[in-house]
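What follows is a set of notes on a single structure, which appears directly below.
The values are calculated or read from the model by the stated rules, or taken from the named source; none is laboratory data. Quantities reported herein were computed from a predicted structural model and do not represent experimental measurements. Cβ atoms come from the backbone with ideal geometry, glycine included; neighbour counts cover every protein chain shown. The area values use the complete protein model at the heavy-atom level, side chains included, leaving out ligands, DNA and RNA. Shrake-Rupley method; radii C 1.70, N 1.55, O 1.52, S 1.80 Å.
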Amino acid sequence: MTPPNILYLHSHDTGRYVQPYGHQIPTPNIQMLADQGVLFRQAFCAAPSCSGSRAALLTGQYPHANGMMGLAHRGWRLNDYSHHVIHTLRDAGYRSELIGEQHISDDLDLLGYDAVHRVDRSHVELVAPEAVRVLREGIPEPWFLSVGFFETHRSWFEPTSMRDSLYSLAPANLPDTPAVREDVAAFKASARSLDQGVGRVLNALHAAGMVDNTLIVFTTDHGLAFPGAKGSLYDRGTGVMLILRGPGGFLGGKVIDQLVSHVDLYPTFCELAEIERPEFAQGCSLLPMMRGDSPRVREAVFTELTYHAAYDPQRAIRTPRWKYIRHFDDFGRPVLPNLDDSPSKDVFVEAGWGDQPVSREELYDMLLDPEEGRNLAGQEPFERVRAELAERLERKMEESQDPLLDGPVAAPPGVRLNRQDQVSAEEPTYTVGAPAAVR
């Protein structure tokens, strides 16, 4: 039997802010995919940074293990591009093709796809028609097709209605102000465009007669580009939409509430293709849970950030009940360049966000405090929980040879960075290893 095709559909900065997760953001095509497939309510990326998240999904390794501890377009690289899933799948006869966003190398040829369909920009208006053409003309099966949309990354479209601008509800951690509401309305417009692109690709897959033997994977890299989300290890930053439809039991409009991670997709692909999982893969296949062999595949998820635009080393462990975050440097304040500029960010910065203290350790009760607003670290009644999670996190770091345990992690020569004390990633940067005169 031919292994299933894999259609990897992905977006930028969407978090879980789409219709199937209960938000008033009309995305009917994404909703239809959820109605037909399996939606994971507690899915998490490995890092709330564009390149680190995608690299983890596509290598099955956490960023500190695969080398992508920062942004590819600023000079970071994978330690070994042969660890990309397309090379493992090639051993099972898969053809691989890429359309649109990918974000783990400035050199598309370095990735190793059998075909790269180059578009001028990775927006829906260009990516979707190319994906439709490729599917219409046909790809030798089995195939792995990556279709990446720039949406919903900033810059967004203008709000499409006055109603959205006036009445949109901001995420719970943001103030309900006119500027924030209009910012959310602009996100909605971008989400609608994303949904249209998803619909066009899915329609083409159906028209090509390949839908029954194709695993559709629809996800995003990390949380919204709003304060307290992208660039943070709070659930708002690491929680992602994840919908799978196709072979392996991913059918029927099911909702899964168990913890899963992006790194679990690599071993899932391997098991579906009936090929051996590489030793370097660090995730857990989802198939035992889908077959009913196990109620869950993991007891906790691990997330991390080392660099985005600037250095901000932190690691976290998240169980169904608790979240523990440890910061590994003494900066002690939000690293503002690690969040895209926006009207919502302006509201926070003007209110003194950059001067708010950040504790070295954070502990949250995710049942009683799902917005992660009350840090319990340092409170005696919760010391046992803090100590247990801290020990589990350190053990995980040791097992995976996390370099952060040995002290500050230096960026390699040629990487371009912002300073922690800057406000925007658009401010002047410096290049690691460059003479001071050219920084």
Theoretical FRET efficiency, 1/(1+(r/R0)^6), r = Cβ-Cβ of ALA115 and GLU279, R0 35 Å, to 0.05: 0.75
Cα centre as origin, Lys/Arg/Asp/Glu Cβ charges: the stretch 117-261 dipole, Debye: 40 debye
Between 0 and 90°, nearest 10: helix 124-137 axis offset from the chain longest Cα axis: 30 degrees
Rel. contact order, % - alpha carbon contacts under 8 angstrom, at least six apart, the stretch 2-98: 14 percent
10 Å binning of all Cα-Cα separations within the stretch 45-139, expressed as whole percents from 0 upward: 16, 43, 34, 6
Whole-number percent relative contact order across the stretch 195-280, with pairs defined as alpha carbons under 8 Å at least 6 apart: 21 percent
Per-selection Kirkwood Rh - the stretch 243-307 (Cα, Å, 1 d.p.): 12.8 Å
Sparse-neighbourhood loop sites, trypsin sites (Lys or Arg not before Pro) in the stretch 110-189 - DSSP loop, at most 13 other Cβ within 10 angstrom: ARG118, ARG121
Bins of 10 Å, starting at 0 and running to the largest distance - Cα pair percent for the stretch 289-339: 21, 36, 24, 13, 5
Rotationally averaged projected area of the stretch 153-192 (alpha carbon convex hull; nm²): 2.7 nm²
Candidates MET162, MET69, MET241: whichever shows maximal mean-square fluctuation once the chain is modelled as a Gaussian network with Cα springs under 10 Å: MET162
Compactness of the stretch 163-305 as Cα Rg over 2.2 N^0.38 Å, two decimals: 1.25
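Counting only protein heavy atoms, what percent of the accessible surface of the chain is carbon or sulfur at a 1.4 Å probe? The partial results should precede the final answer.
Details: 8560 of 17590 Å².
Carbon and sulfur: 49 percent of the exposed surface of the chain.
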DSSP bridge pairs, the chain: antiparallel proportion in percent, nearest 5: 50 percent
Accessible area per residue in Å² at 1.4 Å probe, computed on the chain: 40 Å²
Highest average packing first - 103-115, 226-238, Cβ atoms within 10 Å: 226-238, 103-115
Which listed pairs, of LYS188/LYS254; LYS230/LYS254; LYS230/LYS323; LYS188/LYS323; LYS230/LYS396, have C-alpha distances above 21 Å, in listed order: LYS188/LYS254; LYS230/LYS254; LYS188/LYS323; LYS230/LYS396
Solvent-free Debye scattering, log10 I(q)/I(0), computed from the Cα coordinates of the stretch 67-188 at q = 0.22 Å⁻¹: -1.17
Inter-label distance for ALA387 and ASP106, nm, one decimal - labels placed 7 Å from Cα along Cα-to-Cβ: 4.9 nm
Candidates SER155, SER294, SER342: whichever shows maximal mean-square fluctuation once the chain is modelled as a Gaussian network with Cα springs under 10 Å: SER294
Contact order normalised by residue count of the chain, Cα under 8 Å, 6+ apart, percent: 21 percent
Cα-based radius of gyration of the stretch 295-412 once divided by 2.2 N^0.38 Å, which approximates compact folds: 1.15
Rg to Rh, two decimals, where the stretch 1-93 supplies the alpha carbon set and Rh follows Kirkwood: 1.03
Crossing angle, helix 50-59 versus the chain [Cα axis fit, 0-90 degrees, rounded to tens]: 50 degrees
Normalised per residue, the volume of the convex hull around the Cα set of the stretch 368-438 (Å³): 173 Å³
Inter-label distance for VAL423 and THR160, nm, one decimal - labels placed 7 Å from Cα along Cα-to-Cβ: 3.3 nm
Modelled FRET efficiency - R0 45 Å, ARG90 with LEU169, Cβ distances, 0.05 increments: 0.50
Range in the chain, longest, excluding exposed GluC sites (Glu not before Pro) [loop by DSSP; at most 15 other beta-carbon atoms within 10 Å]: 1-273
In degrees, nearest ten, helix 178-207 long axis to first principal axis of the chain (Cα): 20 degrees
The chain: mean projected area of Cα convex hull, nm²: 20.6 nm²
For the stretch 209-288: Kirkwood Rh in Å [reciprocal of mean 1/r, alpha carbons]: 14.2 Å
